[in-house]
1. Just to check your reading of the model, which residue among L117, L49 is under 18 Å from the mean Cα position of the chain (by Cα) and among the aliphatic types (A, V, I, L, M)?
2. Mind checking which residues of the stretch 185-217 are over 20 Å from L283 (Cα atoms) and open to solvent by 50 Å² or more (accessible area, probe 1.4 Å)?
3. What are the pairs, 6+ residues apart or on separate chains, where a residue within the stretch 247-263 that is of a type in the set (D, E, K, R) has its Cβ under 6 Å from a residue that is in a loop (DSSP other than H, G, I, E, B)?
4. Out of (1) at pLDDT below 95; (2) closer than 16 Å to W170 by Cα; (3) of a type in the set (A, V, I, L, M), the odd one out for A287 is which?
5. Go through (1) closer than 30 Å to D77 by Cα; (2) without any contact (Cβ under 8 Å) to a residue 40 or more places away in the chain; (3) part of a loop (DSSP other than H, G, I, E, B); (4) not aliphatic (A, V, I, L, M) one by one and return the number of the condition E360 breaks.
6. Going through the stretch 139-191 one residue at a time, which ones are of a type in the set (G, A, S) and farther than 30 Å from V94 by Cα?
7. With respect to Q103, is the statement that it is within 18 Å of the chain's Cα centre (by Cα), open to solvent by 10 Å² or more (accessible area, probe 1.4 Å) and closer than 20 Å to E314 by Cβ true?
8. Looking at the stretch 309-328, can you tell me whether even one residue there is open to solvent by 70 Å² or more (accessible area, probe 1.4 Å), on the phi < 0 side of the Ramachandran plot and modelled with pLDDT under 95?
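The values are calculated or read from the model by the stated rules, or taken from the named source; none is laboratory data. Given the structure is predicted, the values throughout are model-derived calculations rather than measurements. Ideal geometry is used to build each Cβ from the backbone, glycine not excepted, and the neighbour counts take in all protein chains shown. Note: areas computed on protein heavy atoms with side chains; ligands, DNA, RNA excluded. Shrake-Rupley method; radii C 1.70, N 1.55, O 1.52, S 1.80 Å.
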Amino acid sequence: MFESGCRISDEWTYQDLQALVLENHLLRVVVLVDKGSDIVEFRYKPLDLDFLLHMPGGMRNPRQYTPSAYTSGAFIDYYSGGWNEVLPNGGPGVIYKGAALGQHGEISLIPWQYTILEQTAERVSVSLSVRPLRTPFYLQKTLSLERGRAVLTIEETLTNEAGMTMDLMWGQHIAFGRPFLDEGARVDVAPCRILAHAIMPDYEPRRFQPGAENNWPLLPTPDGSLADASDIPAFGKAEAQEMAYLLDLTDGWYAITNPQRQAGFGIRFDHHLYRYIWYWQQLGNVAKGAPWWGRLHTTALEPWTSFPTNGLLEAIENGSALQLAPGERIHTTLRAVAYHGIIRVNGISQEGVVEGDSAENEGSKYATL
């Protein structure tokens with residue numbers, strides 16, 4: 001394939017939302033600046049394959065519906081899939097120190113600011129930033145692509161601008177969907193444990209026994225057998241809903257691979273900051289009520305600082321909430337990578353290099369950029 005250089009463009013809008021397009025000859029990444037800086041496309045060009053979930057209802061602009069919608073934290077009302085950044089609350093709405101924080105509120109729906117920093121054939125980068133409306137945080141991140149690498153680098157800095165200590169949950173809500181998951185997929189991760197969420201009303205059938213915990217990837221099922229959480233059933237092969245958590249991470253990476261297409265998505269992150277991976281599944285369009293209406297097949301693998309998905313107050317109570325002192329800041333780097341020619345991943349380096357097994361020589365090491 002001809003190896004063209006990098007490009008970045010801000011000459012695009014979608015549903016009247018400002019968009020950014022970053023690409024090289026391997027990747028095309030689309031960011032909705034005006035809607036939480038959502039990444040709504042992560043496409044591996046050689047296969048024309050976008051890994052991310054796209055909801056059948058399409059994209060909705062919060063500001064086109066009610067003037068206050070984007071301040072209310074109505075995450076589900078405007079959820080269109082993709083990769084969403086969530087801060088400072090994960091789960092249902094809570095009142096925190098007098099501030100009403102909606103579900104997964106509050107930065108995932110509001111507009112961000114951006115500045116293109118670099119646009120050469122060798123490298124493109126853009127800085128994005130946001131100050132939430134109801135909490136005193138400042139979040140800045142830089143997204144960059146380099147020539148010849150299917151790796152998106154994200155460098156983030158979070159600052160507490162308050163004159164008091166603040167609690168928060170911070171997550172990368174990354175959901176995968178069809179057609180990537182049509183033939184099924186495999187999840188690879190460093191050794192860890194997996195915990196199924198407790199019983200949830202109207203959340204049936206469950207794939208795992210609620211509250212069960214074990215070493216990854218096996219968990220008891222409601223009928224007493226064992227299920228392999230690393231196996232994502234092909235569309236039409238299973239009907240289940242699930243919410244679980246990967247705990248005690250020994251390294252900061254995961255990969256999700258479609259073995260039939262021999263292609264996948266991986267991410268490298270700091271597991272001392274993002275100490276949990278939330279594991280959310282809707283398989284086979286089984287959820288017949290609101291908000292899914294029997295039309296969702298997805299698996300989400302979400303690096304989070306805290307857990308569970310019950311909101312900030314419970315994370316504070318269980319000690320998993322992140323705390324920032326007045327003026328304190330945290331800097332972290334994530335690398336998201338697309339790869340091809342691999343059926344199983346054994347690791348992802350700090351620079352985003354994937355090591356795994358190829359179909360031709362299963363069990364041998366294979367590396368790709």
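1. Details: L117 fails: under 18 Å from the mean Cα position of the chain (by Cα).
Answer to the selection: L49.
2. P191, R193, E213, N214, N215
3. The qualifying pairs are D248/C192; D251/A190.
4. Here A287 clears every test but (2).
5. (1)
6. Here is the first cut: in the stretch 139-191, the ones of a type in the set (G, A, S) are 144, 148, 150, 162-163, 171, 175, 177, 184-185, 190.
Passing the criteria: S144, G148, A150, G184, A185, A190.
7. yes
8. No: the stretch 309-328 contains no residue that is open to solvent by 70 Å² or more (accessible area, probe 1.4 Å), on the phi < 0 side of the Ramachandran plot and modelled with pLDDT under 95.
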